[in-house]
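Peer 1: I have a structure I would like to understand better, so I am pasting it below and will then ask my questions one at a time.
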Amino acid sequence: MPYRSTEVLSPGPADKVPLHSVTLAHDERHLRRKLLHLENDDVVMLDLRQPMMLADGDLLVLEGGGYIRIKAADEALYEVRARDILHLIELAWHLGNRHLPAAVEEGRILIGRDPVIRVMLEGLGATVSEVTEPFQPLRGAYHGGGHSHDDYGHGGHHHNHG
């Protein structure tokens, strides 16, 4: 019989030791109801009241006790570096203006690989390198911390085009 979870601890407390884990890419971690295949070949039925964006380190609380840790999968990404902090802010603005999921870290931005965006960034003077690592984009600001049906920044606001 599969495990069942209807609750997430986010972020997962360090004192909670998971029974197993499941590794998912960032676009696979936006869930409400799904059968997840664990790394030990067991399964857990995730059945949340509303969709949510799971993050690396979150814990699924199992009915009957225990936890399953969410792990961010390695993904093919671009690492974007700037000349200085002001340039980094400018690059982040251009990426945000295109509603691209991005992880902003000290000295760099990580985004999914897209050759058109790479050309744009290099045209703006950025150094763009291919990397493969876990991807944890920032959660959307329009949804009180990102736990909603639309974590990619598309909901809740409108552009004024004239």
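Peer 1: State the three equivalent ellipsoid semi-axes of the range 42-108, derived from the C-alpha gyration tensor as the square roots of 5 times its eigenvalues, in descending order and whole Å.
Peer 2: On the way: eigenvalues 248, 35, 20 Å².
Working from the Cα gyration tensor, I get semi-axes of 35, 13, 10 Å.
Peer 1: Also, quick follow-up: Could you run the Karplus curve 6.51 cos²θ - 1.76 cosθ + 1.60 with θ = phi - 60° over the range 10-19 and give me ³J(HN,Hα) per residue in whole Hz, x for Gly and Pro?
Peer 2: Karplus-based 3J(HN,Hα) across the range 10-19 equals 9, x, x, x, 5, 7, 9, 8, x, 6 Hz.
Peer 1: Restricting things to alpha carbons, find the Rg to Rh ratio for the range 1-144 using the Kirkwood radius for Rh. Write down the numbers at each step before the final one.
Peer 2: Values: Rg = 17.5 Å, Rh = 16.6 Å.
Rg/Rh for the range 1-144 comes to 1.05.
Peer 1: Show me, for the range 91-102, the HN-Hα J-couplings you get by feeding each phi into the Karplus relation (A = 6.51, B = -1.76, C = 1.60, θ = phi - 60°), rounded to Hz, glycine and proline as x.
Peer 2: 5, 4, 4, 4, 5, x, 4, 9, 6, 8, x, 8
Peer 1: Now a separate question. Kirkwood-based Rg over Rh for the range 74-134 (C-alpha set), two decimals?
Peer 2: Numbers: Rg = 10.3 Å, Rh = 11.3 Å.
Across the range 74-134, the Cα-based Rg/Rh ratio is 0.91.
Peer 1: Starting at the first residue of the range 109-118, write each ³J(HN,Hα) from the Karplus equation 6.51 cos²θ - 1.76 cosθ + 1.60 with θ = phi - 60°, in whole Hz, x for Gly and Pro.
Peer 2: With coefficients 6.51, -1.76 and 1.60, one gets 10, 10, 9, x, 6, 8, x, 5, 5, 4 Hz.
Peer 1: Could you list the square roots of 5 times each eigenvalue of the Cα gyration tensor of the range 3-72, that is, the equivalent ellipsoid semi-axes, sorted largest first and rounded to whole Å? Can you show the working numbers first?
Peer 2: Working: eigenvalues 44, 35, 32 Å².
Equivalent-ellipsoid dimensions as semi-axes: 15, 13, 13 Å.
Peer 1: I need the calculated FRET efficiency for the pair Asn40 and His99, taking r as the beta carbon distance and R₀ as 41 Å, to the nearest 0.05.
Peer 2: Working: r = 37 Å, r/R0 = 0.90.
With a Förster radius of 41 Å, E is 0.65.
Only the coordinates and a few stated rules stand behind these numbers; no lab work does. Note that the structure is a prediction, hence the values are computed from the model and not measured. Methodologically, a virtual Cβ is constructed for each residue, glycine included, from the backbone with ideal geometry; neighbour enumeration extends over all protein chains shown.
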